[in-house]
Every structure is written in C-alpha cells, then in structure tokens.
1. Which chymotrypsin sites (Phe, Trp or Tyr not before Pro) in region 1-67 sit in a loop by DSSP (not H, G, I, E or B) and have at most 11 other Cβ atoms within 10 Å of their own Cβ?
2. Could you list MET67, MET30 so that the one with the fewest beta carbons within 10 Å of its beta carbon is first and the one with the most is last?
3. Taking a label point 7 Å from the Cα of MET30 along the Cα→Cβ vector, which residues of region 48-75 have an amide N closer than 16 Å to it?
4. Take the eigenvalues of the Cα gyration tensor for region 2-103, scale each by 5, and report the square roots as semi-axes in whole Å, largest first.
5. Does anyone have the angle between helix 73-97 and the longest principal axis of the chain? Alpha-carbon axes, 0 to 90°, nearest 10?
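Readers should treat all values here as calculations from the given coordinates under stated rules, not as data from a laboratory. The structure displayed is predicted, hence computed values, not measured ones. Here the Cβ is made from the backbone with ideal geometry for all residues, glycine too, and neighbour counts use every protein chain on show.
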Amino acid sequence: MITIFFNLLETLLNYYSYAVVIGAVMSILMSFGVLDSRNSFVWKLSEILYRLTEPALRPIRAVLPTMGGIDFSPWILLIIIRFTIELLARIDFAIVAHSTQPLLF
C-alpha cells in the first residue's frame, strides 16, 4: 500500500516537472514573439501553467540573485523535484526492505 502512495507522488512530481518545462519554454517563446499571447488558446494555456508553477517558483526567485534577465528558477525547481523523487524512491525502498541502508547517499 505504501508503494502505491510513493508511486503516485513520483508520478505527480514528474507531471509537475513537465508543467515547469513547458511553462518555461512557452515563456521564452512568448517573449521572443514566436507565440502570440493574444491567441486565446496560448493565453489560457500560459495562464494555467503560470498558476500551477508560480507558487513554487516565487520563493526560488526571491532567493536567487538577478542574472542579467535570465530566469534560472525553473531549472533550480527541476533539480529540487528530481532530488525529491530520488529521496522518495530511497525511502520507499527502505520501508519495503526494512532497512536504513538505502537512505545513505
């Protein structure tokens, strides 16, 4: 039962990382004028992705210094998500194996 919970969390974190990547790419394409933000579909999709990712990106942006207009916060968030997925996998394996050895990095 606990493995199902960890698999669900891993799947949700993977989907969230896809949303972060798609949101970052859309932001870049909109800033260069490749995507028209006046298009209804593009605007709705970018608004959904902004509302999904901004709560996690805002604290990272508050800590990161300004890097000449380049936003590294999505990449930092992706690293945090990947670290969290790896940690969840190790915790799941430790629970299933009844050992604390997998928790050591």
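1. Listed in order of number, the matching sites are PHE32.
2. Least to most surrounded, the residues fall as MET67, MET30.
3. 48-58, 71, 74
4. For region 2-103, the ellipsoid semi-axes come out as 33, 17, 9 Å.
5. 20 degrees
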